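Read the structure below first, then the notes.
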Number of protein chains: 2
Amino acid sequence: MALQGKKLINNPDDVVTEFIEGLVETYPGLQYLDGFPEIKVVLRADAVGGAYDKVAVISGGGSGHEPAHAGFVGPGMLTAAVSGDVFASPPVDSILAAIRAVTGTMGCLLIIKNYTGDRLNFGLAAEQAKSEGYKIEMVIVGDDCALPPPRGIAGRRGLAGTILVHKVAGAAADAGLSLADVAAEAKHASEAVGTMGVALSVCTLPGQVTSDRLGPEQIELGLGIHGEPGAAVVELQTVDVVVEHVLKQILSQETQYLPITRGSNAVLLINGLGATPVMELMIAARKAVPELQLEYGIAVDRVYTGTFMTSLDMAGLSITIMRSDENILQRLDAPTKAPAWPVGSEGNRPPAKFPVPVPPSPSMKDDEILSERQELSKQGCMLEAAIEAAAKELIDLKDNLNDWDSKVGDGDCGTTMYRGATAILEDMKTRYHMNDAAGTVNEIGSTIRKVMGGTSGILG
Amino acid sequence: MALQGKKLINNPDDVVTEFIEGLVETYPGLQYLDGFPEIKVVLRADAVGGAYDKVAVISGGGSGHEPAHAGFVGPGMLTAAVSGDVFASPPVDSILAAIRAVTGTMGCLLIIKNYTGDRLNFGLAAEQAKSEGYKIEMVIVGDDCALPPPRGIAGRRGLAGTILVHKVAGAAADAGLSLADVAAEAKHASEAVGTMGVALSVCTLPGQVTSDRLGPEQIELGLGIHGEPGAAVVELQTVDVVVEHVLKQILSQETQYLPITRGSNAVLLINGLGATPVMELMIAARKAVPELQLEYGIAVDRVYTGTFMTSLDMAGLSITIMRSDENILQRLDAPTKAPAWPVGSEGNRPPAKFPVPVPPSPSMKDDEILSERQELSKQGCMLEAAIEAAAKELIDLKDNLNDWDSKVGDGDCGTTMYRGATAILEDMKTRYHMNDAAGTVNEIGSTIRKVMGGTSGILG
């Protein structure tokens, strides 16, 4: 079944330029260089014209990783981003155009992910720019922890950890540091970061057919961000098991990829790969934080959960850990206007929970538990039997009700009824005055209001 | 093939509480009420305890719409969000708990989407809270533009436009306005907003099987956010055609849902439904802005593109238009720390494009066009024929190369080669000095650097 991937696009050849046009429509602080289709460069509208008085920080690479890198352009982060075509390194001329557009007397730092194409194209552009009189430094990020060393001449791939390096470098540049100091901070950050990904689906390139490489119950571990096959294919697990496995790989004592030991501090980045709902990313974050703290003895200073570096429409996520210190935290917490950098992750955490407020009125007794059950009257026994039979019938009907509801609604009617019936069976023995039929009906209403929600709950 | 939807979750019954735990791990400004599993309330850590001195703004509803609504809790937006189970309205007691936790003497505005369950549960909670002495107002949002009126007793559904109403109300409350004034601004906003969605896939509830309702080449127009079937199923179109259709429906003169005419100002919200890559959302934004301005004579003041109100893992998007005026713009631009509200959309737009900088050195002549073609020598003719044959061969091999590359890499080798070969055929006639073989090789290199990118470009 060779079907083209279903996408909301126009001509597959135009996805990158059209993405940039939409991005710039959305964020008035961004502009792009008027050199489509070859030159695809997004830059800070306030940093162009050669008069920029801080170190310019430029990143880029192949497209298909949106919002990276163009979404991280803004005061306090990247000065410009250079996009290639989907999964293809940008040509030298467009990198040069970006350097020329935003680099002032303080010079320019290029941050790139460790791929052969990017190293060559950015490297050649850097040499050319130097010959034109620009001060240029380059930092290469290779944060992949999926495969054991040695990885041969290519080395470790650059993944979502690059975003944290952008932030550290961008904040250092914004603070007015010299090119050498900004480059040193970026290099330090790049050596303290590790990433590994897990995919539920393979990504589909625009205009191409969807691969059936991954079975309906399989997931891929340790993938790249260009649809390269992962290090391993395994059966679908709960996210808790997946997170445990990924953290173990990243923090492996065998590979020693990360300079993190018990007692270290770190920040955590949970990154969606393109088609992953926020709900699932947050569920992963919920597992990763206590796992790091309790199993590895690592204090988690910050958590960044969202969609940062994608593989087109891939479902799945990557986890990144960066060892943090006071300086790195200051850089990560520094304000930025870059649209795709998360808001609200900075600062220390108060207790997560707050007690449910006590109702002001003393008449509320929904939670009252009968101190002693009276003996049931004959009528009470009949009522109990009737309620029990009805509740059990609803429990048995759960799947059928869900199925029928999915034809006309959202398919959760059976689950909602099941929840109510189960709670009634529970409360019946401890909370209901069964000898008083009218009172019992009210008490059933109270149980339902408490647990069922939905429309049925309130009608109940 | 009744397969469970592939999700990174644990127990399907725990997705909402685990989402909230992860959310609160990520954002230190948020807390949740300690009443799991029944009470699922996220609140501002700095607004609890009954001493909050501004109008509290509370929203909520069924879960499965993440980041809505809990992701919009923060200074300047929501004070608390009440979550039900997936696609089920929250029970009265949890709404009451939220009201009690954050409402001070200024009172509380409840903003809800127009669904029967939410109207009943929030309505009953409001009455109960009033009986406890709280000042409460309620505003209901029904922004759906997919179906023509009359919609019967249920009325129009609440969709992503609700997020803009949150922002207006939250900013008005933050400015210190009274409950009556905050409610009036929210109501005004709710009457100025319209939304319509388009889906590429049906969403799958946690633990349930994936529906095969939508064929591999079909999309659904005018859907709800609970997996309800859309108003129409059509063949997959380009996103430009889809956007045109959706805007036409929202702005229909027949339904007159929106008080917007030629000469009006408006803001635009492009909302991903859960599994939609940022790239596709931006491509839709790129079409919608000029369409509104040129076809409908509507000035677009702001564009918000991102993932705001989802349907679990649904692929697709919704478009929301809200008529804007000076006051609404001021509310939308007001600062907020709510994590899911977009950064960087405020302010007026400069020109989108910036000219490509001219290289400083006069020796660069990549773009030189030969003023007059010299007559080709015999050797020049042979070289031309050879280049032409090689380029055409590469063009013919595009699909095969992509296919082979997808086995070992990212499947774009053929496309990259095609791009280079096409450009060489073009430049050959106008830019190459074919009688000078060595010069021609350099000129080919220049063409390749300009258009190919990737690793092959730089190696070429």
task: Could you pull out the residue among A:L147, A:L110 that is in the same structural domain as A:V233 (by TED's automatic domain parsing) and either closer than 16 Å to A:A47 by Cβ or surrounded by 22 or more Cβ atoms within 10 Å (Cβ to Cβ) (or both)?
output: A:L110
message: Tally up the residues in the stretch B:121-155 that are hydroxyl-bearing (S, T, Y) and assigned to a loop (DSSP other than H, G, I, E, B), please.
response: 1
message: Considering only residues that are of a type in the set (A, V, I, L, M, F, W, C) and more than 8 Å from every other protein chain (Cβ to nearest Cβ), which ones fall in the stretch B:31-40?
response: B:F36
query: Which one of the conditions (1) farther than 18 Å from A:M282 by Cβ; (2) open to solvent by 10 Å² or more (accessible area, probe 1.4 Å) does B:T103 fail to meet, given that it meets all the rest?
result: (2)
message: I need a count of the residues in the stretch B:14-30 that are more than 7 Å from chain A (Cβ to nearest Cβ) and either in contact with a Gly (Cβ under 6 Å, 6 or more places away or on another chain) or β-branched (V, I, T) (or both).
response: 3
statement: From the option list B:G158, B:G117, B:G71, single residue qualifying as in contact with a Pro (Cβ under 6 Å, 6 or more places away or on another chain), within 26 Å of B:G274 (Cα to Cα) and not in a strand (DSSP E or B) is B:G71
query: Of the residues that make up the stretch B:283-304, is at least one in a loop (DSSP other than H, G, I, E, B), more than 8 Å from chain A (Cβ to nearest Cβ) and free of Cβ contacts under 8 Å to residues at least 12 places away in the same chain?
result: no
message: The conditions are (1) more than 7 Å from chain A (Cβ to nearest Cβ); (2) assigned to a loop (DSSP other than H, G, I, E, B); (3) surrounded by fewer than 24 Cβ atoms within 10 Å (Cβ to Cβ), and B:K6 fails exactly one of them. Which is it?
response: (1)
message: Just to check your reading of the model, which residue among B:S94, B:S83 is of a type in the set (S, T, Y), farther than 21 Å from B:E185 by Cβ and part of a helix (DSSP H, G or I)?
response: B:S94
statement: Those residues of the stretch A:332-349 that are open to solvent by less than 10 Å² (accessible area, probe 1.4 Å) and facing another protein chain (nearest Cβ under 10 Å) come to a total of 2
message: Can you confirm whether B:L269 is part of a helix (DSSP H, G or I) and modelled with pLDDT of 95 or more?
response: no
message: Please verify whether A:V92 is within 9 Å of chain B (Cβ to nearest Cβ), free of Cβ contacts under 8 Å to residues at least 40 places away in the same chain and under 20 Å from A:E137 (Cα atoms), treating the condition exactly as stated.
response: yes
message: Just to verify a result, which residue in the stretch B:123-133, among those that are open to solvent by less than 10 Å² (accessible area, probe 1.4 Å) and closer than 18 Å to A:S446 by Cβ, is farthest from the chain's Cα centre (by Cα)?
response: B:A129
statement: Note on the stretch B:313-331: residues within 13 Å of chain A (Cβ to nearest Cβ), of a type in the set (A, V, I, L, M) and open to solvent by less than 10 Å² (accessible area, probe 1.4 Å) are B:M314, B:L317, B:I319
- prompt: If B:S211 passes every condition in (1) part of a loop (DSSP other than H, G, I, E, B); (2) touching a residue at least 24 places away in the same chain (Cβ under 8 Å); (3) over 30 Å from B:D333 (Cβ atoms) but one, which one does it miss?
  reply: (2)
field: Residue count, the stretch A:49-67 (criterion: surrounded by fewer than 24 Cβ atoms within 10 Å (Cβ to Cβ) and within 8 Å of chain B (Cβ to nearest Cβ))
entry: 1
- prompt: Is it true that A:D46 is more than 8 Å from chain B (Cβ to nearest Cβ), free of Cβ contacts under 8 Å to residues at least 24 places away in the same chain and open to solvent by 10 Å² or more (accessible area, probe 1.4 Å)?
  reply: no
query: What residue, among those in the stretch B:11-43 that are in contact (Cβ under 8 Å) with a residue 40 or more places away in the chain and in a strand (DSSP E or B), is surrounded by the fewest Cβ atoms within 10 Å (Cβ to Cβ)?
result: B:G35
- prompt: So which residues in the stretch A:185-205 are more than 17 Å from A:V242 (Cβ to Cβ), of a type in the set (S, T, Y) and at the interface with chain B (Cβ under 10 Å from one of its Cβ atoms)?
  reply: A:T204
message: Which of the helices (runs of 4 or more DSSP H) found entirely inside the stretch A:352-460 contain at least 1 residues meeting this: at pLDDT below 75 and crowded, with 19+ Cβ neighbours inside 10 Å?
response: A:398-408, A:437-451, A:454-459
- prompt: Quick one: which of B:N271, B:N265 is more than 9 Å from chain A (Cβ to nearest Cβ) and open to solvent by 10 Å² or more (accessible area, probe 1.4 Å)?
  reply: B:N265
query: Residues in the stretch B:240-266 that are of a type outside the set (D, E, K, R), part of a loop (DSSP other than H, G, I, E, B), in contact (Cβ under 8 Å) with a residue 24 or more places away in the chain and under 23 Å from B:G155 (Cβ atoms): how many?
result: 7
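The values are calculated or read from the model by the stated rules, or taken from the named source; none is laboratory data. If you're wondering where the values come from, they're calculated on a predicted model, not measured in any experiment. As a convention, Cβ positions derive from the backbone with ideal geometry for all residues, glycine included, and neighbour counts pool all protein chains shown. The area values use the complete protein model at the heavy-atom level, side chains included, leaving out ligands, DNA and RNA. Shrake-Rupley method; radii C 1.70, N 1.55, O 1.52, S 1.80 Å.
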